[in-house]
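Accompanying notes for the structure given below.
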Amino acid sequence: MMRTSTGIFGWAAVIGAILVSQVPWSPAAADPMPKLDFAGSVTWLGQVPILVAVEKGFFKDEGLDVNVQVILSSSDRIRALTAGSVAFSNLGRSAVISEMARGNNSFFYFANVDDSPGSEGCWARAGFQSFPDLKGKKVAANTSAEVTMDGLLQNSGMSVRDVQFVNLSPNEMALALGRGDVDAACVWQPLLDNLKKAAPDGKLLGTDADTETYKRFGTMSSPDILIISRKLVEEHPDQARGLAAAIMRGADYVNQNPEAAAAAVAPLFRQPPDVVLAGIKNFKYYGSKGWREHMNKHTEQMQFLSLWLHRNKKIESAPEVKQWENTSFVPEL
């Protein structure tokens, strides 16, 4: 009989193979998903498509880790994006145009997913039935609502010079109106309802749906616009595409499933689902359907608003807003 000799190295290999076969196999840890936070608010229902995309896991489906950083001011949101603290935001375009006028090239705008003409208006105390009645009186407004106020004044052949304009924080308007510190105030929903409660015998003098802006573009005076980090788009276009796809999916979901959408985001707004649902039904959300034509309309409106801001000395120059537009990464859904 032939004898074989394994040798010390041979036995080591055999023993090693046995030991390895007894260790449970586990796959290598997956690479962490890119963290691309969103700057938004939980007081404005225009944010619902993005919040739905977070809550329903649409961003995770695109391989992205997106969390919400609650930043109430539009100007603070764009500062956060400029600093690299967040990757994208949905915010009032007046703040965006102001940054364009300053030469801020840290972002692109690429979509509008929410609009609600008629949800921003001016409410006057009892005794004032129209803007001509307010000549020489105190009228409060802030940010986009000032554009609405200007449009309503123009309808009456007036300008801001015909009233005592008071630049007031939106959260302070109801108290000021109720005390008589101002005679009328202009703001958006749901804060507009607070004005009605503060002066229940007052009168609605008009909304943004009564202005030249609405007649020309069918939009609010200064609706939201989605912006994204320029660096992200240029260095990681696949991630930018994933963000855009999830956002469009979120808007489509809200339109197709408003009840489920309201239930998903109600805890974020600290409101019952039925209250959020009622608010959602007063909004218009825009997803994948006809988004290119929709975006063209909003680019035209932004240029119109840029000229208004410059004419009214809100910005030093009127930027050519299309220089900040980039939709190259938005998927054709």
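Before moving on, here are some points about what is shown:
- Across segment 294-308, the number of residues qualifying as closer than 23 Å to A53 by Cα and not aliphatic (A, V, I, L, M) comes to 2.
- If the condition is being small (G, A, S) and open to solvent by 40 Å² or more (accessible area, probe 1.4 Å), then segment 137-169 contributes S156, G157, S169.
- Test: residue in segment 170-181 that is closer than 20 Å to A126 by Cβ, open to solvent by 30 Å² or more (accessible area, probe 1.4 Å) and at pLDDT below 95: no
- Long-range neighbours under 7 Å by Cβ, at least six apart or interchain, first residue aliphatic (A, V, I, L, M) within segment 67-84, second part of a helix (DSSP H, G or I): V68/L51; V68/V54; I71/R77; I71/A80; I78/A95; I78/V96; I78/E99
- For L333, the requirement of being more than 18 Å from the chain's Cα centre (by Cα) and at pLDDT below 95 is met.
To keep it simple, each residue is scored yes or no on (1) in contact (Cβ under 8 Å) with a residue 12 or more places away in the chain; (2) at positive phi; (3) among the charged types (D, E, K, R).
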position: S169; (1), (2), (3): yes, no, no
position: R179; (1), (2), (3): no, no, yes
position: C186; (1), (2), (3): yes, no, no
position: P190; (1), (2), (3): yes, no, no
position: K196; (1), (2), (3): yes, no, yes
position: P200; (1), (2), (3): no, no, no
position: T213; (1), (2), (3): yes, no, no
position: T219; (1), (2), (3): yes, no, no
position: I227; (1), (2), (3): yes, no, no
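- The residue that is nearest to the chain's Cα centre (by Cα), counting only those in segment 121-173 that are closer than 28 Å to G279 by Cα, assigned to a loop (DSSP other than H, G, I, E, B) and hydrophobic (A, V, I, L, M, F, W, C), is L168.
- Test for S89: is it assigned to a strand (DSSP E or B) and polar (S, T, N, Q): yes
- Per the conditions (1) at pLDDT 95 or above; (2) in a loop (DSSP other than H, G, I, E, B); (3) surrounded by fewer than 19 Cβ atoms within 10 Å (Cβ to Cβ), the sole criterion not satisfied by G118 is (1).
- Looking only at segment 182-195, and only at residues there that are surrounded by 15 or more Cβ atoms within 10 Å (Cβ to Cβ) and assigned to a helix (DSSP H, G or I), the one that is modelled with the highest pLDDT: L195
- Screening E293 on (1) closer than 30 Å to P34 by Cβ; (2) without any contact (Cβ under 8 Å) to a residue 24 or more places away in the chain shows it passes everything except condition (1).
- If you go through segment 204-215 and keep only what is of a type outside the set (G, A, S) and either surrounded by fewer than 18 Cβ atoms within 10 Å (Cβ to Cβ) or farther than 17 Å from L134 by Cβ (or both), you end up with L204, D208, E212, T213, Y214, K215.
- Residues located in segment 276-308, provided they are among the aliphatic types (A, V, I, L, M) and under 20 Å from the mean Cα position of the chain (by Cα): V276, L277, A278, I280, M295, M302, L305
- Hey, A261 out of contact with any strand residue (DSSP E or B) (no Cβ under 7 Å at 6 or more places or on another chain) and over 30 Å from E99 (Cα atoms) or not: yes
- Annotation: of all residues in segment 49-101 being over 12 Å from the mean Cα position of the chain (by Cα) and among the basic types (K, R), the one that is surrounded by the fewest Cβ atoms within 10 Å (Cβ to Cβ) is K60.
The values are calculated or read from the model by the stated rules, or taken from the named source; none is laboratory data. Everything numeric here is computed off the predicted structure, so don't read it as measured data. Note that each Cβ is placed from the backbone with ideal geometry, even for glycine, and that neighbours are counted across all protein chains shown. These accessible areas exclude ligands, DNA and RNA; they are computed on the full protein's heavy atoms, side chains included. Shrake-Rupley method; radii C 1.70, N 1.55, O 1.52, S 1.80 Å.
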